[in-house]
1. For Leu198, are the conditions met, namely being among the aliphatic types (A, V, I, L, M), part of a loop (DSSP other than H, G, I, E, B) and in contact (Cβ under 8 Å) with a residue 24 or more places away in the chain?
2. Can you tell me which residue among Ala65, Ala70 is surrounded by fewer than 19 Cβ atoms within 10 Å (Cβ to Cβ), under 30 Å from Arg139 (Cβ atoms) and touching a helix residue (DSSP H, G or I) at 6+ places or on another chain (Cβ under 7 Å)?
3. Give the residues of region 157-171 that are crowded, with 24+ Cβ neighbours inside 10 Å and either basic (Lys, Arg) or part of a helix (DSSP H, G or I) (or both), sorted by residue number.
4. Among the residues of region 234-254, which ones are at pLDDT 75 or above and more than 16 Å from Ile22 (Cα to Cα)?
5. Only residues that are closer than 22 Å to Thr63 by Cα and not in a helix (DSSP H, G or I): list them for region 27-47, please.
6. Looking only at region 195-215, which residues are closer than 28 Å to Thr7 by Cβ and open to solvent by less than 10 Å² (accessible area, probe 1.4 Å)?
Amino acid sequence: MPDISLTVVALLCLAALAAGWIDAVVGGGGLLLLPVLLLGLPGSTPAASALGTNKAVAIVGTTGAAVTYARRAPVDVRTAVRIGLAALAGSCAGAFFAAGMSTDVLKPVIMVVLLAVGAFVILRPAFGTAPAPGPASRRRILAAIGLAGLGIGFYDGFIGPGTGTFLVLALTAVLHLDLVTASATAKIVNCCTNAGALATFAWQGVILWQLAAVMAVFNLAGGMLGAHTALKKGSGFVRVVLLTVVFALVANLAYQQWVA
């Protein structure tokens, strides 16, 4: 455990609370939590420790949100679990490649990813406003397993931030879900990807468990609150939160990269 002041720990816990809420509503809580961890931890802390600690915190909030959604949203749990198992395998593979990554590489990659997400949502104003009639075909389910499972699962283990957001986008596009149902399904899948990456980081011994345990309590509260909010407000609200989060974080990371 590195030497961190109580003030920094408190700020990290507040970030975990906010990230849990964001992640439950639209995914991508790691886009807030990981940059905050990178800033709050001492400069000598390996990037893999920030990534691993982020996973240990996020899996708690994601699980709480998944349970909340499953009780109230029309989620196809069987399909979600099938995608999630593929995502677990992908995240394990991605985590092995992440061990030697430096923070200097992470920040610009996250920024590019954020800009791509924002542009896509803006250019598709009707995206995720209503589900397609009838169940998804076998071909669409297999495509979701490949893209949202193996592909995004690998990304989650390799870098991580934005996984929930990418899952929501992929599930909405491939399975033709509305944004609220896609968010609910993504939480189940994201539990699997977090578990796979977390197991790999734990095996590597890079997780800051004491810090993660404290932050996880706040992340759980934020995740359950966010799921209730999304279910109550609907897809239009989810879209607004998505765009707000994306561009606020792009501005923040750009400032860190080129001004600070």
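1. Working: among the aliphatic types (A, V, I, L, M): yes; part of a loop (DSSP other than H, G, I, E, B): no; in contact (Cβ under 8 Å) with a residue 24 or more places away in the chain: yes.
So Leu198 fails the test.
2. Numbers: Ala65 fails: surrounded by fewer than 19 Cβ atoms within 10 Å (Cβ to Cβ).
Residue meeting the stated conditions: Ala70.
3. Filtering region 157-171 down to residues crowded, with 24+ Cβ neighbours inside 10 Å leaves 157, 160-165, 167-169, 171.
Correct list: Gly157, Thr163, Gly164, Thr165, Leu167, Val168, Leu169, Leu171.
4. Scanning region 234-254 gives Ala251, Ala254.
5. Gly27, Gly28, Gly29
6. Phe201, Leu211, Ala212, Met215
The values are calculated or read from the model by the stated rules, or taken from the named source; none is laboratory data. Computed from a prediction, not measured in an experiment: that's the story for all the values here. So basically every Cβ, Gly included, is an ideal-geometry build from the backbone, and we count neighbours across all protein chains shown. Areas reflect the complete protein model, heavy atoms only, side chains present, ligands, DNA and RNA absent. Shrake-Rupley method; radii C 1.70, N 1.55, O 1.52, S 1.80 Å.
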